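Accompanying notes for the structure given below.
The values are calculated or read from the model by the stated rules, or taken from the named source; none is laboratory data. Here the structure is a predicted model, which means the values were calculated and not measured. Note: ideal-geometry Cβ built from the backbone for every residue, glycine included; neighbour counts use all protein chains shown.
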Amino acid sequence: MSKEKIKTIADMMPKEKGRVLKISGKAQLRRRLLDMGILPGALVEMVRHAPLGDPIDLKIKGYHLSLRKSEAAHITIKKAGS
């Protein structure tokens, strides 16, 4: 598995897709992200960044979700199609 295919959601570019590998961080943040539907194996698509880069707009399980970059940095993904 090559390293460039593993990244965080915060590092994704618009229209890029990936599958969630793991969620790190404090227990409260992990629980909140899991409750929002960000589960290991879920397909995530980066829709767009806000004009100043924060927050970011994701599409997951058919709905849009906005996350701060600091939160998205705790979600490790594998690029889709790899």
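Quickly run through region 1-55 and pick out the residues that are touching a helix residue (DSSP H, G or I) at 6+ places or on another chain (Cβ under 6 Å) and among the small types (Gly, Ala, Ser). Before the answer, list the steps.
Quick first cut of region 1-55, residues touching a helix residue (DSSP H, G or I) at 6+ places or on another chain (Cβ under 6 Å) only: 9-10, 23, 54.
Of everything in region 1-55, just one residue is touching a helix residue (DSSP H, G or I) at 6+ places or on another chain (Cβ under 6 Å) and among the small types (Gly, Ala, Ser), namely Ala10.
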task: Kindly indicate the residue of region 1-23 that is loosely packed, with under 12 Cβ neighbours inside 10 Å and farther than 16 Å from Val47 by Cα and also modelled with the lowest pLDDT among those meeting that condition.
output: Met1
- request: Output the residue which, of all residues in region 35-58 that are at pLDDT below 90 and hydrophobic (A, V, I, L, M, F, W, C), is farthest from Lys79 (Cα to Cα).
  value: Leu52
